[in-house]
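Student: Quick one: the structure is below, and I'll ask about it shortly.
Taken together, the values in this text are just the output of simple stated rules run on the coordinates, not laboratory data. In this text the structure is predicted, and so the values were computed from the model without any measurement. A quick note on method: Cβ atoms are made from the backbone with ideal geometry, for glycine too, and the neighbour counts reach across all protein chains shown.
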Amino acid sequence: MPVVLLPATMRRLTTLLLFLLLIPSSLLANDQNIVIASGEWPPWTGRELPHNGFINHIVKEAFAREGRTVRFEFYPWPRTNQLVKYGEVDASSYWYNNENRHEYVFFSDIVSIEDTVFFHLKGKNMPPWKELSDLKRHRIGVVNGITYEDELMELSKKGILQLYQSNTEKENFNKLIRNRVDIFPAPRRMGQSILETQFSPEERNVIDYSPQKLASYEGYIVFPMNKPNSEALRDAFNAGLRKIKEDGTYDKLMHDMDEGRYSAPTRQ
């Protein structure tokens, strides 16, 4: 015999279903299913990369050691920063150290250390420089939402350096090829990965990078301060990270990255 629902009951069920549909997926995640906001930063993070990139593979392996699973959601970096700032996700991967972020996120232990260099056109080699102010004659490309040296940003505010905003590193490379910027800072591995997978051999052949590095950046996973379980999640991640470093998993995955196994399919 079929069950007949009274109108009032149907209304309550409908209201409940609508309420559940409006709740962000990150808020429905339990302690065993962690929602992590990420962005495009190959070969470390990326929607189409194997394992969503090297760093995100590290994150999955570290949390797995603690019996937890993760799901990555990809957004532009400024949006990713807002999501973690206001606690709309459980964590975000991954970020360089920035004093302002210490006001609203907990930082994990160091996940990686990356060298940042200046990319430029061949034939326009950069002379050695001692201070960033020595680069005042160069048009410098930067990506909106990315953390750079504080001195770089301060010199821009003072009008000493010329910074030109782009939305992605690929856009910066295109500007470089079209002579719309002279140089731009980017992690060496990331720049090489983008060139190898998203540009033709002819385009790649006109670009080089300076052997003099701008800085070495430490990368972290961050957790929103305004979520009650964030410190516990950070501690679980740190514990898992220590385990995969001790058992050799981290070194194996790092070797895979150096072999190009986290690169996206080549597009030409």
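Student: How about Lys158: which lysines have a C-alpha closer than 27 Å to its C-alpha, ignoring those fewer than 8 places off in the same chain?
Tutor: Lys124, Lys130, Lys136, Lys175, Lys213
Student: Going by alpha carbons, how many degrees (0 to 90, nearest 10) lie between the helix axis of 7-22 and the longest principal axis of the chain?
Tutor: 20
Student: Lys60: which lysines have alpha carbons under 18 Å from its alpha carbon, excluding same-chain residues fewer than 8 sequence positions away?
Tutor: Lys243, Lys245, Lys252
Student: While we're on this one: With unit charges on the beta carbons (Lys and Arg positive, Asp and Glu negative) and the dipole taken about the Cα centre of the chain, which residue among Val143, Ile36, Ile110 sits farthest to the positive side?
Tutor: Selected residue: Val143.
Student: Can you check what the net charge comes to around Leu176, using other residues whose Cβ is under 11 Å from the Cβ of Leu176 (Lys, Arg +1; Asp, Glu -1)?
Tutor: +2
Student: Work through the residues other than Pro128 whose Cβ is under 13 Å from its Cβ and net out their charges, Lys, Arg +1 and Asp, Glu -1. Numbers along the way, then the final one.
Tutor: On the way: positive: Lys130, Lys213; negative: Glu131, Asp134.
With Lys, Arg at +1 and Asp, Glu at -1, the neighbours total 0.
Student: Now a separate question. What distance in nm lies between label points placed 7 Å from Cα along the C-beta direction at Ser216 and Lys124?
Tutor: The answer from the label model is 3.0 nm.
Student: If you wrap the chain's Cα atoms in a convex hull and average its projection over all directions, what's the area in nm²?
Tutor: About 19.7 nm², averaged over all directions.
Student: Then there is this: Quickly estimate the mean residue ellipticity at 222 nm for the chain, helices only: each DSSP H run with n ≥ 4 gives -39500 (n - 2.57), and the total goes over all residues, rounded to 500.
Tutor: That calculation yields -11000 deg cm²/dmol at 222 nm.
Student: Equivalent-ellipsoid semi-axes (√(5λ), Cα gyration tensor) for the range 115-216, whole Å, largest first?
Tutor: Numbers: eigenvalues 88, 40, 33 Å².
Largest first, the range 115-216 gives 21, 14, 13 Å.
Student: Under a point spin-label approximation (7 Å from Cα along Cα-to-Cβ), what is the Glu196-Arg261 distance to one decimal in nm?
Tutor: 1.3
Student: Springs between alpha-carbon pairs under 10 angstrom, Gaussian network model over the chain: which of Pro127, Pro43, Pro211 fluctuates most?
Tutor: Pro127
Student: Using the beta-carbon distance between Val206 and Tyr164 and R0 = 25 Å, what value does 1/(1 + (r/R0)^6) give for FRET efficiency, to the nearest 0.05?
Tutor: Efficiency at R0 = 25 Å is approximately 0.85.
Student: Rounded to the nearest 5, what % of DSSP beta bridges with both residues in the chain are antiparallel?
Tutor: 60
Student: Continuing with this model, one more query. Just flag the GluC sites (Glu not before Pro) in the range 140-203 sitting in loop per DSSP whose Cβ has no more than 16 other Cβ atoms within 10 Å. Provide the component values of the computation, followed by the final result.
Tutor: Values: sites: Glu149, Glu151, Glu154, Glu169, Glu171, Glu196, Glu202, Glu203; in loops: Glu149.
Listed in order of number, the matching sites are Glu149.
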